[in-house]
Amino acid sequence: MKFLKMMLAIACFSALPHAYAADADAIATVNGKPIKKTWVEFILRDAEARTGQKANDGMKAAVVNELVGSELAFQEAQKAGIDKQPDFIASEELARRKLLVNAFLADFIRKNPVTEAEKKEGYEQYKKELGDKEYNARHILVKTDTEAKTIIVDLKKGTDFAKIAKEKSLDPNSKEKGGDLGWFAPAAAGLPKPFADAITSLKKGETTTEPVQSQFGWHVIKLIDVRALQVPPYEKIKEGIERTIQQRKLEKYMLSLKDKAKIEVVGAEKKTP
């Protein structure tokens, strides 16, 4: 049986504050305290949703046994006064808030589904942002403008680009490959704008004549080759596009809530208009 995810659900559920119900709702008792049927039913439904496996009597017995164990630990924790400790109280409050917020966000997504038209529009926008070319390039990353200019002079004298990259580049991902970055589309690779602009302005075989600065340092870049970009088909990436659109909808909604709210932070300096 696929118990792992089910047990994770039990663990999360067991972390919630206990509110004991009448014995009529009990499927078991521990020192007179009930294990609620609704708890067991919730955990089994969650396990079915997570694993796709239909709950059976064996799974039900395992859930009850796990809840009995958690109830024993719960009662001992109460006897020890752990539930009165400030850190526990803060943790409990935050856990309840997180559970409620997650349920609210899931409800928002259910009520605001991404339409097929929105996904198709998102795909067209993705293709537009991606461009129609991808590039194969090498680069050498150093700390200062002076170092980069010295490297450019050495390259003009005929020094091998890959050799200098292995010796001096600070980029751990490409250093041992002679600065080789492989094939990439600048937009998809998330390159710094100055770097991306430099790449797209070079011709095949050219090297930047001036150092290119980014937040990482100074780059010397050589364009090896350019080819037409093969955009992934819609069916292959539509789920990712859907998640992106869902996230944007949610972010937009949360920003609207923030704009309408009166937010005051104690001790923070007030901004003058």
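The values are calculated or read from the model by the stated rules, or taken from the named source; none is laboratory data. Being a predicted model, the structure only gives us computed values, none of them experimental. Here Cβ is always computed from backbone atoms with ideal geometry, including for glycine, and neighbour counts include all displayed protein chains. Ligands, DNA and RNA are stripped out before the accessible areas are found, and what is left, the full protein with its side chains, is counted by its heavy atoms. Shrake-Rupley method; radii C 1.70, N 1.55, O 1.52, S 1.80 Å.
Tabulated data for the structure shown
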quantity: Odd one out for Val231, checked against (1) open to solvent by less than 100 Å² (accessible area, probe 1.4 Å); (2) under 23 Å from the mean Cα position of the chain (by Cα); calculated: (2)
quantity: Hey, Gly217 in contact with a Ser or Thr (Cβ under 6 Å, 6 or more places away or on another chain) and either at pLDDT 95 or above or open to solvent by 70 Å² or more (accessible area, probe 1.4 Å) (or both) or not; calculated: no
quantity: Matching residues in the range 95-137 - criterion: being assigned to a helix (DSSP H, G or I), open to solvent by less than 70 Å² (accessible area, probe 1.4 Å) and of a type in the set (Asp, Glu); calculated: Asp107, Glu118
quantity: Residue list for the range 23-60, restricted to those being in contact (Cβ under 8 Å) with a residue 12 or more places away in the chain and either open to solvent by 50 Å² or more (accessible area, probe 1.4 Å) or in a loop (DSSP other than H, G, I, E, B) (or both); calculated: Ile27, Asn31, Lys33, Lys37, Thr38, Phe42, Arg50, Gln53, Lys60
quantity: Pro172 being open to solvent by 60 Å² or more (accessible area, probe 1.4 Å) and either farther than 15 Å from Gly131 by Cβ or in contact with a strand residue (DSSP E or B) (Cβ under 9 Å, 6 or more places away or on another chain) (or both); calculated: yes
quantity: Output for the range 202-214, where each listed residue is within 14 Å of Ile151 (Cα to Cα) and open to solvent by less than 80 Å² (accessible area, probe 1.4 Å); calculated: Thr207, Thr208, Pro211, Val212
quantity: Among the residues listed as Ser70, Ser91, the single one being more than 30 Å from Lys163 (Cα to Cα), surrounded by 13 or more Cβ atoms within 10 Å (Cβ to Cβ) and among the hydroxyl-bearing types (Ser, Thr, Tyr); calculated: Ser70
quantity: Members of the range 138-169 that are open to solvent by 90 Å² or more (accessible area, probe 1.4 Å) and hydroxyl-bearing (Ser, Thr, Tyr); calculated: Thr146
quantity: Selection within the range 140-179 - of a type outside the set (A, V, I, L, M, F, W, C) and within 12 Å of Ile221 (Cβ to Cβ); calculated: Ser169, Asp171, Ser174, Gly179
quantity: Odd one out for Ser91 among (1) under 31 Å from the mean Cα position of the chain (by Cα); (2) hydroxyl-bearing (Ser, Thr, Tyr); (3) within 19 Å of Phe42 (Cβ to Cβ); calculated: (3)
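Every residue, every condition in (1) over 30 Å from Gln215 (Cα atoms); (2) modelled with pLDDT of 95 or more, yes or no:
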position	(1), (2)
Ser91	yes, yes
Ala106	yes, no
Pro113	yes, yes
Lys120	yes, yes
Lys149	no, yes
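For every residue, the table says whether it meets (1) in contact with a helix residue (DSSP H, G or I) (Cβ under 8 Å, 6 or more places away or on another chain); (2) closer than 30 Å to Val231 by Cα.
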site	(1), (2)
Glu147	yes, no
Thr159	no, no
Ala165	yes, no
Pro172	no, yes
Lys175	yes, yes
Trp183	no, yes
Ala187	yes, yes
